[in-house]
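What follows is a short report on a single structure.
The values are calculated or read from the model by the stated rules, or taken from the named source; none is laboratory data. Everything quoted here is computed from the prediction, not taken from an experiment. Here Cβ is always computed from backbone atoms with ideal geometry, including for glycine, and neighbour counts include all displayed protein chains. Areas reflect the complete protein model, heavy atoms only, side chains present, ligands, DNA and RNA absent. Shrake-Rupley method; radii C 1.70, N 1.55, O 1.52, S 1.80 Å.
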Amino acid sequence: MTGFAPLPLRLETERLVLTPEVESDAPWFAELLTARGTGTFTVDDARERIAAMAVVVETTGIGARVLRRREDDQALGYCAIIVGRGTLDEPEIAYELLPSAHGHGYATEAARAVLDAAFATGRTRIWSTVRPWNAPSLRVLDKLGFRRDHVTVDDAGEIVWLAASR
Ligand SMILES: CC(C)(COP(=O)(O)OP(=O)(O)OC[C@H]1O[C@@H](n2cnc3c(N)ncnc32)[C@H](O)[C@@H]1OP(=O)(O)O)[C@@H](O)C(=O)NCCC(=O)NCCS
């Protein structure tokens, strides 16, 4: 029990339907993880992560939703509410799209719906942590009304913490 309503499993926007990750998402999810450039992820690796995320969704009521394009049911990436560097009361929003899906406003469209849904669970502050060089992500957050709060440092450099409140 978290004291918050669960994030709806299905959300809809003008161009997208957002639903939980399922096992058949593993091939494109492996592609997305590999596109980070930090190593190669197999379909089995992706399947393991999807199974772990299903547990998160079940036990915490938050977690990831896949962006599926209405017109062709194509999976484009995910948007999530996760504990991340935050807490269950004040979690983080996260999003990652396949490179081929960048530049069409999909992240903003999905994240806006997910953020609204996160506030509708009863939460009043949502965080995002971003590397300062990640201009596209910072722009998405700006469009969603996030404001810079503070900066921390880890082994990989600076992390910008932004917050949205309602
Ligand atoms: C961040 C990410 C999800 C954005 O997805 P997207 O669907 O292309 O985002 P949107 O189209 O909704 O918005 C991107 C905005 O950034 C802007 N942008 C893109 N590249 C930019 C750059 N190099 N510098 C400044 N702004 C840039 C776009 O013009 C757009 O703003 P606009 O609507 O004012 O024109 C995508 O780039 C991604 O998956 N990146 C890799 C994973 C990642 O970094 N995730 C976030 C971790 S914190």
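Things worth noting here:
- Protein heavy-atom surface of the chain, 1.4 angstrom probe: 52% of the accessible area is carbon and sulfur, with nucleic acids and ligands not counted.
- Max-minus-min Cα coordinates of the chain on each principal axis give 37, 35, 29 Å, with the largest extent listed first.
- Of the chymotrypsin sites (Phe, Trp or Tyr not before Pro) found in segment 86-144, those in coil by DSSP whose Cβ has at most 15 other Cβ atoms within 10 Å are 133.
- Compared with the direct C-alpha span, the chain from residue 154 to residue 51 gains 34.2 nm at full extension, assuming 0.36 nm per residue.
- Those GluC sites (Glu not before Pro) in segment 12-71 that DSSP places in a loop and that have at most 11 other beta carbons within 10 Å: 14, 71
- Per residue, segment 11-122 exposes an accessible area of 47 Å² to a 1.4 Å probe, with every protein chain left in place.
- Since only 60, 110, 46 are under comparison, the one whose Cα sits farthest along the positive direction of the charge dipole of segment 11-122, derived from C-beta charges on Lys, Arg, Asp and Glu, is 110.
- For the chain, the dipole from Cβ point charges (+1 on Lys and Arg, -1 on Asp and Glu) about the Cα centre works out to 600 debye, to the nearest 20.
- Segment 22-127: trypsin sites (Lys or Arg not before Pro) in DSSP coil with no more than 14 other Cβ atoms inside 10 Å: 36, 70, 85
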